[in-house]
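The values are calculated or read from the model by the stated rules, or taken from the named source; none is laboratory data. All figures in this text were calculated on a predicted structure; none of them were measured in a lab. Using ideal geometry, Cβ is built from the backbone for each residue, glycine included, and neighbour counts are taken over all protein chains shown.
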Amino acid sequence: MQDTRLNRLTNNIGARFMQWLRSPWRRSSLMLIGLLGGFFLGNVISTTAGQAAKLDVSVAALLIVVTEGISRLVYGNKSKTPSLTADILNAVKVGVTYSLFLEAFKLGS
């Protein structure tokens, strides 16, 4: 790609935004947002799949594949510090899993 002013501007904006996100408080807040977003996503998935009652097995298989893929991405990396994207994806995965466990307990009682 040519080194145009627009290209340099977009690269600088992206670098500054990533530098802005490196703050520990912002990182923690993004992780919490990811966890709560995953919890909400788990509630939406269980409600939607439970309403149709035809997609239970396929949604469960898809969730297992996605969960294992995220785990492989996060924990299979040999670097000592995972990236912010991997941490947020892991927080979303934990939120979805926790939400589905709570739904199972609600249905079991």
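Below, the figures for the structure above:
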{"read-out": "Region 23-51: number of residues that are surrounded by 10 or more Cβ atoms within 10 Å (Cβ to Cβ) and either of a type in the set (D, E, K, R) or over 26 Å from residue 70 (Cα atoms) (or both)", "value": "2"}
{"read-out": "Long-range neighbours under 8 Å by Cβ, at least six apart or interchain, first residue under 16 Å from residue 99 (Cβ atoms) within region 46-72, second modelled with pLDDT under 85 and exposed (fewer than 13 other Cβ atoms within 10 Å of the Cβ)", "value": "49/56; 50/56"}
{"read-out": "Restricting region 57-83 to residues that are at pLDDT below 90 and over 25 Å from residue 36 (Cβ atoms), the residue that is nearest to the chain's Cα centre (by Cα)", "value": "76"}
{"read-out": "Some residue of region 84-105 being over 16 Å from the mean Cα position of the chain (by Cα) and among the hydroxyl-bearing types (Ser, Thr, Tyr)", "value": "no"}
{"read-out": "Helices (runs of 4 or more DSSP H) fully within the chain counting 3 or more residues that are in contact with a Gly (Cβ under 6 Å, 6 or more places away or on another chain)", "value": "24-52, 84-108"}
{"read-out": "Residues of region 1-22 that turn out to be at pLDDT 85 or above, exposed (fewer than 10 other Cβ atoms within 10 Å of the Cβ) and polar (S, T, N, Q), as a count", "value": "2"}
